[in-house]
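The values are calculated or read from the model by the stated rules, or taken from the named source; none is laboratory data. These figures come from a predicted structure and were not determined experimentally. Using ideal geometry, Cβ is built from the backbone for each residue, glycine included, and neighbour counts are taken over all protein chains shown.
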Amino acid sequence: MREGKREPARWIFSKELRETTVIEENTEGEKMRSMFLTPLGSIGRRILFAGKVTNQREDEKSIRLTVSDPTGAFYLSFFERDFNQNVKRQLEKIELNQTVTVMGRVSHYTGEDGKILFNINPELIYETDAESMNFWNARTAYLCRRRIMRIKEALKKPDISTGVLTASGSTEDEAEGILKSIKAYPNYDYTKFEEVLTSLLFNQQISQNINIAKDGILEFLSSHVDPQGIKYEEIVNELLKKGISQNEVDEALNVLGHEGDVFEVSLKRYRKI
Amino acid sequence: MVIKKIGEITDEVQDIEMTVKILSLSQKERNSDKGNSVYHYGLLGDETGVLPFTAWNISSIVKEKDVVNIKRAYTKKYNDKIRIYFDDKTEFALMPGVEMEVKRTYNYEKIRNLGTGSKFVALEGILSEEKEREFETNGEKRKVYSYVMEDDTGSIRLSSFGRKLPMGHGIRLEGVKIEEFNGRINASVGEKAEVQEIELQIEKGPKFTYISEIENPIGGLYISGFPISIGEKSGLIKRCKECKKKIDDERCETHPDAGFYFDIFAYFNIDDGTGYISVTSGMEALKDICGIKSDELSNEKRPPLRKEIYERIEHSLMGKALKVQGSLSKNTMGMSLRASLISSIGPEDNKELKKIMESEFL
């Protein structure tokens, strides 16, 4: 939808960008445009990601951030000379350990060892929440898996065209990226990437269930007020009805206690604060 | 040459003879390197069915409703559907006085696939939200009933002229006219359209779609993604108390004495990883996520401040994963989604979306 009017933002994990070794150079009029081509077939100059701010440095001329997703880190730089005051204002609100959503332009340079390194020039950066992070992780993992699945299908048919790929559900630019990446990365090990995705989705499932358990416990404790506290067994039985295991309830109670939302009145009896 | 009935034509065939009734005949200009030319297109049929045709060349004696014997026609697939073609070798002979009862056949379409390509189709779905209206035609008063028709891919507005339709359970409608009006797909049926009650299980509510899969301006959808820009003119707006239209000044040009009231409005682009689309939203869609109450807007002691409202909307939307429900419409800028509800993605939404995504890999 509306591809071509505005340059699309690719949703990719830092691992996909980090393992990119191909830059396509195209001339458009008098301008030279360089686009990254990742091993999983994402082509572009702009990305969108969510992660946690793990490093922050600021001097007179620039603000630099490291934002980590479950597979590694993105490096962001904003220079005073860029003069985008709106982005600057957004950046100034960001603090260490906050979770953020970022959309930015990707620039690259080649290190002394010949390796291509990437830097993100933020166009938009906002604080985000845990569920938005979960959403981004799940959707990005889905898009990666979809591309890997189609790359594997394409590898079985050497004469496959973009037409065949679009007929089987790929968007046009996805199909183009897939075919280009197959040529550009003939020896890429997709299995390793899939293993990372599997473990990410497994961990996310656990954390998602804990979030659902947290909401369920708070709702249950709000509707069952008892100064003596509600019995642990009652909470477990209630949450079991919602498909949440006892282990997940235990973990959620620990988190809620740590966050100060639930108080253990006496042994194994809980009350909402 | 093979003589064919319309109902027998299922594949690409050369050199056909047929006797048919011309049901519709339109013309279109074509610009090519060789200059401008005109071609004709329409529908033709016989006792066994109806097919569309394209005539690169057609005898000027042929008009709508004529029964014609046609020789040296051929068929080809266009957009994966069979179509009859006439060229300069095709011969036409009018058959005056011959009556032909045409069997109308309609292709069944899902609501999601309703473009303006097929003018008459068969639809299956469940109707709701009946509204009755009276109108006058040729000095005679008639009734039109409008509904929302929903299937498992989306919803559209459907008008039924002169006839109440059954609501709340599955129906199949044959001969539904599909048109685009005000950038939206609308469906309508006349009194002669065939209505059949059928067994149909549909999960009510908006249907998930990826932005890259959006093709036609239908309703009853939801998308999920991150806003990537917010319009500068989003926020507080003034509306005329009389006509409710947005006013840029203190007064409405049409109703200068009516006064105004405050309302909120936002437009933004949202990206779901497969593409992006623009979203427009009013108070109803925004009030919960932004926490803005109607009382705040009508508080005369402390009138709302433009900057403050903009910042509250920006803070509620930007950086967050959102679920946006609504209806699509097409304008000169492309497709946009008119939001009926905007909410933050929560644990249950993530669970549901994950289930949808996982189903692709099973």
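The single condition among (1) over 21 Å from B:ASN350 (Cβ atoms); (2) at pLDDT 90 or above; (3) part of a helix (DSSP H, G or I) that A:LEU117 does not satisfy is (3). Picking from residues in region A:216-252 that are aliphatic (A, V, I, L, M) and touching a Lys or Arg at 6+ places or on another chain (Cβ under 9 Å), the one that is nearest to A:SER266 (Cα to Cα) is A:ILE230.
Taking the conditions exactly as written (farther than 28 Å from B:ASN216 by Cβ, in a strand (DSSP E or B) and out of contact with any helix residue (DSSP H, G or I) (no Cβ under 8 Å at 6 or more places or on another chain)), does B:LYS177 satisfy them or not?
Working: farther than 28 Å from B:ASN216 by Cβ: no; in a strand (DSSP E or B): yes; out of contact with any helix residue (DSSP H, G or I) (no Cβ under 8 Å at 6 or more places or on another chain): yes.
Spelling it out, it is not the case that B:LYS177 is farther than 28 Å from B:ASN216 by Cβ, in a strand (DSSP E or B) and out of contact with any helix residue (DSSP H, G or I) (no Cβ under 8 Å at 6 or more places or on another chain).
Scan region B:265-310 for residues that are within 14 Å of another protein chain (Cβ to nearest Cβ), of a type in the set (Asp, Glu) and either more than 30 Å from A:GLY177 (Cα to Cα) or not in a strand (DSSP E or B) (or both) and jot them down. Hit for region B:265-310 is B:ASP272, nothing else. Taking residues in region A:216-228 that are under 17 Å from A:ALA252 (Cβ atoms), and partners anywhere that are aromatic (Phe, Trp, Tyr), the pairs with Cβ atoms closer than 7 Å and at least 6 places apart or on different chains are A:LEU221/A:TYR270.
Does A:VAL100 count as assigned to a strand (DSSP E or B) and within 14 Å of another protein chain (Cβ to nearest Cβ)?
Values: assigned to a strand (DSSP E or B): yes; within 14 Å of another protein chain (Cβ to nearest Cβ): yes.
For A:VAL100, the condition - assigned to a strand (DSSP E or B) and within 14 Å of another protein chain (Cβ to nearest Cβ) - is met.
Checking each residue in region B:5-45 for being part of a helix (DSSP H, G or I) and either surrounded by fewer than 11 Cβ atoms within 10 Å (Cβ to Cβ) or at pLDDT 90 or above (or both) picks out B:ILE6, B:GLU8.
Mind telling me which of the residues A:ASN121, A:ASN97 ends up being touching a residue at least 40 places away in the same chain (Cβ under 8 Å), in contact with a helix residue (DSSP H, G or I) (Cβ under 9 Å, 6 or more places away or on another chain) and either farther than 17 Å from A:PHE13 by Cβ or of a type in the set (Ser, Thr, Tyr) (or both)?
Values: A:ASN97 fails: in contact with a helix residue (DSSP H, G or I) (Cβ under 9 Å, 6 or more places away or on another chain).
The unique qualifying residue is A:ASN121.
The set of residues from region B:311-341 being farther than 26 Å from A:THR99 by Cβ and either in contact with a Lys or Arg (Cβ under 7 Å, 6 or more places away or on another chain) or not in a strand (DSSP E or B) (or both) comprises B:GLY326, B:SER327, B:SER329, B:THR332, B:MET333, B:GLY334.
For (1) of a type outside the set (A, V, I, L, M, F, W, C); (2) within 14 Å of chain B (Cβ to nearest Cβ); (3) within 30 Å of A:PRO158 (Cβ to Cβ), each residue gets a yes or a no:
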residue: A:ILE182; (1), (2), (3): no, no, yes
residue: A:PRO186; (1), (2), (3): yes, no, yes
residue: A:LYS192; (1), (2), (3): yes, no, yes
residue: A:ILE212; (1), (2), (3): no, yes, no
residue: A:HIS224; (1), (2), (3): yes, no, no
residue: A:TYR232; (1), (2), (3): yes, no, no
residue: A:VAL236; (1), (2), (3): no, no, no
residue: A:ASN247; (1), (2), (3): yes, no, no
residue: A:ASN254; (1), (2), (3): yes, no, no
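When the criteria are applied in full, B:GLU203 fails the requirement of being surrounded by fewer than 18 Cβ atoms within 10 Å (Cβ to Cβ), modelled with pLDDT of 90 or more and not basic (Lys, Arg). Can you work out which of the residues in region B:322-342 that are surrounded by fewer than 20 Cβ atoms within 10 Å (Cβ to Cβ) and within 11 Å of chain A (Cβ to nearest Cβ) is nearest to A:SER207 (Cα to Cα)? Taking the candidates together, the pick is B:MET335.
Of all the residues that make up region A:156-179, how many are away from chain B (no Cβ under 12 Å), more than 24 Å from the chain's Cα centre (by Cα) and assigned to a helix (DSSP H, G or I)? Give the derivation first.
Looking only at region A:156-179, we keep the residues that are away from chain B (no Cβ under 12 Å), and these are A:156-165, A:176-179.
So of that shortlist, the ones also more than 24 Å from the chain's Cα centre (by Cα) come out as A:156-165, A:179.
Pick out the ones that are also assigned to a helix (DSSP H, G or I) and you get A:156, A:162-165, A:179.
Total satisfying the criteria: 6.
Being in contact with a strand residue (DSSP E or B) (Cβ under 9 Å, 6 or more places away or on another chain) and at pLDDT 95 or above holds for only one residue in B:PRO227, B:PRO166, and it is B:PRO227.
Against the numbered list (1) in contact (Cβ under 8 Å) with a residue 60 or more places away in the chain; (2) farther than 30 Å from B:SER329 by Cβ; (3) not aromatic (Phe, Trp, Tyr), B:ASN69 comes up short only at (1). Screening B:MET167 on (1) assigned to a loop (DSSP other than H, G, I, E, B); (2) assigned by TED's automatic domain parsing to the domain that holds B:SER278; (3) in contact with a Ser or Thr (Cβ under 7 Å, 6 or more places away or on another chain) shows it passes everything except condition (2).
Given the criterion in a loop (DSSP other than H, G, I, E, B), away from chain B (no Cβ under 12 Å), at pLDDT below 90 and out of contact with any Pro (no Cβ under 8 Å at 6 or more places or on another chain), identify the matching residue among A:GLU60, A:GLU25.
Only one candidate qualifies: A:GLU60.
The number of residues in region B:166-182 that are surrounded by 15 or more Cβ atoms within 10 Å (Cβ to Cβ) and within 25 Å of B:ILE342 (Cβ to Cβ) comes to 0.
Among the conditions (1) more than 11 Å from chain B (Cβ to nearest Cβ); (2) closer than 24 Å to A:GLU174 by Cα; (3) buried (at least 16 other Cβ atoms within 10 Å of the Cβ), the only one that A:GLU153 does not satisfy is (3).
Give the residues of region A:180-189 that are surrounded by 13 or more Cβ atoms within 10 Å (Cβ to Cβ) and not in a helix (DSSP H, G or I), sorted by residue number. Before you say what the answer is, go through the steps one by one.
To start, the set of residues in region A:180-189 that are surrounded by 13 or more Cβ atoms within 10 Å (Cβ to Cβ) comprises A:180-182, A:184-185, A:188.
The answer is A:TYR185, A:TYR188.
Looking across region A:244-273, the residues that are within 13 Å of A:LYS214 (Cα to Cα) and part of a loop (DSSP other than H, G, I, E, B) come down to A:ILE244, A:SER245, A:GLY260, A:ASP261.
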